[in-house]
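The values are calculated or read from the model by the stated rules, or taken from the named source; none is laboratory data. What you see is a predicted model, and the numbers here were worked out from it, not measured in a lab. Quick reminder, even Gly has a Cβ in these numbers, built from the backbone with ideal geometry, and neighbours come from all protein chains shown.
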Amino acid sequence: MNNTSKKPLLQVENLSISFSQYFKGTQKRVIRPIVDLHVEIGEGEIVAVVGASGSGKSLLAHAVLGILPGNAMWEGRMLYRGEILTEERKAQLRGGEISFIPQSVNYLDPLMQVGKQVQIGLEKSVAQGIQKELFQQYGLKESDGKLYPHELSGGMLRRVLFATSVREGGRLVIADEPTPGIHPEILSEILKQLAQFSKKGAGVMLITHDIMSALEIADRVAVIKDGRTVEIAEAAAFEGKGERLKDEYTQRLWRALPQNDFDLEFQRKDVGMQCL
């Protein structure tokens, strides 16, 4: 896909995030894990955001959603559909036009039937009907709605998480590490569902360590290192020895994969085996 043909949906420019912390009693310091992040997602486009643990991927998602902790401060510019994304606008769009699929199924309430959890936030008169439609859409049986999270398999829990997170009319889907350590069959399901969102015209931000899985569906890949965007490359550029990639870090990240040169020194020093 040529991104220039896609209408911009989300634009993040020069994003920096800092946190104020107290230490040694009353002394205060400011740390800045994000110093210069930028990314753009078009309508119907999937952009994978990859990088080592602690590089700032999830903080980017939380900043867009407006769910940073109270001691966080951010600078830069965020636009959604061409308009400034203020904190008030984030709150209005969150859970509707902007959907968030969290990393862990632990976000589900262990003491509530999953069908009831999908109905949360929906009008009572239509909640049950919408929940049944969503279960059908995600390949869940009607009877599954009466079960509790611990009674479902990992794959079923992921589908429930999608049903609770993505509503009709969603235009931007942010998926935070939806694929870690899961069975290949479940992984395929998740990637298929994310691709389906983009086919319906939604933009998708896929935050992940798993470059190879991301490349199955991504149009572009944003590589993050130490709170900075070092490169945003077309997915097709990740081939061979990475000759088409522009940044040295991105090239080494690509060559560090077992399928490529398997650069062990780079894995230990730069990515800590986290993004493989």
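Please specify each residue of segment 82-101 satisfying the condition of being assigned to a helix (DSSP H, G or I) and either more than 19 Å from the chain's Cα centre (by Cα) or crowded, with 16+ Cβ neighbours inside 10 Å (or both). Explain how you work it out, then say what you get.
Residues of segment 82-101 assigned to a helix (DSSP H, G or I): 87-93.
Glu87, Glu88, Arg89, Lys90, Gln92, Leu93, listed by residue number.
Among the residues of segment 165-177, write down those that are more than 13 Å from the chain's Cα centre (by Cα) and either of a type in the set (Gly, Ala, Ser) or modelled with pLDDT of 90 or more (or both).
Passing the criteria: Gly169, Gly170, Arg171.
Across segment 241-260, what is the total count of residues that are part of a loop (DSSP other than H, G, I, E, B) and surrounded by 13 or more Cβ atoms within 10 Å (Cβ to Cβ)?
Count: 7.
Where residues in segment 136-164 are of a type in the set (Phe, Trp, Tyr) and without any contact (Cβ under 8 Å) to a residue 60 or more places away in the chain, which of them is surrounded by the most Cβ atoms within 10 Å (Cβ to Cβ)?
The residue in question is Tyr138.
What are the residues in segment 132-163 that are over 23 Å from the mean Cα position of the chain (by Cα), of a type outside the set (A, V, I, L, M) and farther than 18 Å from Phe197 by Cα, if any?
Selection gives Lys132, Lys141, Glu142, Ser143, Asp144, Gly145, Lys146, Tyr148, His150, Glu151.
Which residues, counting only those in segment 183-204, are touching a helix residue (DSSP H, G or I) at 6+ places or on another chain (Cβ under 7 Å) and part of a strand (DSSP E or B)?
Within segment 183-204, just Val204 meets the criteria.
Any idea which of Leu147, Leu157, Leu152 is under 24 Å from Ile46 (Cβ atoms) and not assigned by TED's automatic domain parsing to the domain that holds Asp210?
After ruling out the rest, the residue left standing is Leu157.
Take segment 165-180 and flag every residue that is touching a residue at least 40 places away in the same chain (Cβ under 8 Å) and among the polar types (S, T, N, Q).
Across segment 165-180, the qualifying residue is only Ser165.
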